[in-house]
1. Taking only the stretch 132-160 into account, find how many residues are of a type in the set (Val, Ile, Thr) and in a helix (DSSP H, G or I).
2. Need pairs with beta-carbon distance below 9 Å; first residue under 19 Å from residue 58 (Cα atoms) and modelled with pLDDT of 85 or more and within the stretch 125-139, second part of a loop (DSSP other than H, G, I, E, B) and β-branched (Val, Ile, Thr); sequence gap 6+ or separate chains.
3. Of the conditions (1) of a type in the set (Val, Ile, Thr); (2) surrounded by fewer than 20 Cβ atoms within 10 Å (Cβ to Cβ); (3) over 16 Å from residue 198 (Cα atoms), residue 142 clears all except one; give me its number.
4. Among the residues of the stretch 30-70 satisfying the criterion of being without any contact (Cβ under 8 Å) to a residue 12 or more places away in the chain and over 29 Å from residue 132 (Cα atoms), which is surrounded by the most Cβ atoms within 10 Å (Cβ to Cβ)?
5. Residues in the stretch 71-116 that are at pLDDT below 85, surrounded by 13 or more Cβ atoms within 10 Å (Cβ to Cβ) and hydroxyl-bearing (Ser, Thr, Tyr): how many?
6. Within the stretch 74-97, identify whether any single residue is assigned to a loop (DSSP other than H, G, I, E, B) and either touching a helix residue (DSSP H, G or I) at 6+ places or on another chain (Cβ under 8 Å) or acidic (Asp, Glu) (or both), and answer yes or no.
7. Among the residues of the stretch 121-131 satisfying the criterion of being outside any strand (DSSP E or B) and under 24 Å from residue 11 (Cβ atoms), which is nearest to the chain's Cα centre (by Cα)?
8. For the structure I just gave you, tell me whether residue 82 is of a type outside the set (Gly, Ala, Ser) and free of Cβ contacts under 8 Å to residues at least 12 places away in the same chain.
Amino acid sequence: MKTKRIQYTMFNTPIVKHILRALAFMLRTLLGWKKVGRLPDFPKYLAILAFHTSNWDVFYGILIAFGFNVDIYFMAKNQLFRFPFAPLVRFLGGIPIDRSVSSNTVQATIDMYNKHEKFAIALAPEGTRKKVEKWKTGFYHIATGAHIPIILAFLDYKTKSGGIGAILHPTGDIKTDFKTIRDFYTQVHARYPELASLPQEE
């Protein structure tokens, strides 16, 4: 039987989410940031956020996410869920995964999608703030395996805007789909452009 919610987080806890949403709106206004795009009415999706070149990306990403009234999670290594940090990481939306068995990470995430009526995760496909030669492809295999769309989310520090730029329905042709992703993110300005990496066509 499928369930509707995995756990309570800052995005779905009654009362708390409204307070945080209002706070996020005020901070976005004070800092001069604006949200762009509209969240499609999909019960399940995977959002990738690029570029990830600074810890500030998490801060601004959360401010923007509250503007879309999302209920979203992220996958994190299970070591982060030890006392006393576990409650905080879960409240932020973290779901533990065992990265020591990397071959099972994609399938474990697909299983999470299959177990819930509504489910969405966000991740940074670069996998690190450092310059990388190419993006990790796990997000693409998760999306194709779970039969869900990929939301191309972004943070543009030049225009001080962030949000949803495009929706990609994976075709199974990773080379063509990665070209579509690359074409979109070519227009995005990272906080530290010299550390930004574009997806390579497989």
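The values are calculated or read from the model by the stated rules, or taken from the named source; none is laboratory data. It should be emphasised that the depicted structure is a prediction, and the values quoted were computed from it without experimental measurement. Positions of Cβ are backbone-derived with ideal geometry, glycine not excepted, and every protein chain shown enters the neighbour counts.
1. Step one: list which residues in the stretch 132-160 are of a type in the set (Val, Ile, Thr), which gives 132, 137, 142, 144, 148, 150-151, 159.
Checking which are in a helix (DSSP H, G or I) leaves us with 142, 144.
Counting residues in the stretch 132-160 that are of a type in the set (Val, Ile, Thr) and in a helix (DSSP H, G or I) gives 2.
2. Short answer, once both residue conditions are applied: 125/137; 126/53; 126/132.
3. Residue 142 satisfies all of (1) of a type in the set (Val, Ile, Thr); (2) surrounded by fewer than 20 Cβ atoms within 10 Å (Cβ to Cβ); (3) over 16 Å from residue 198 (Cα atoms) except (2).
4. 30
5. Residues flagged as at pLDDT below 85, surrounded by 13 or more Cβ atoms within 10 Å (Cβ to Cβ) and hydroxyl-bearing (Ser, Thr, Tyr) within the stretch 71-116 amount to 1.
6. The answer is no, given that none of the residues of the stretch 74-97 is assigned to a loop (DSSP other than H, G, I, E, B) and either touching a helix residue (DSSP H, G or I) at 6+ places or on another chain (Cβ under 8 Å) or acidic (Asp, Glu) (or both).
7. That would be 124.
8. yes
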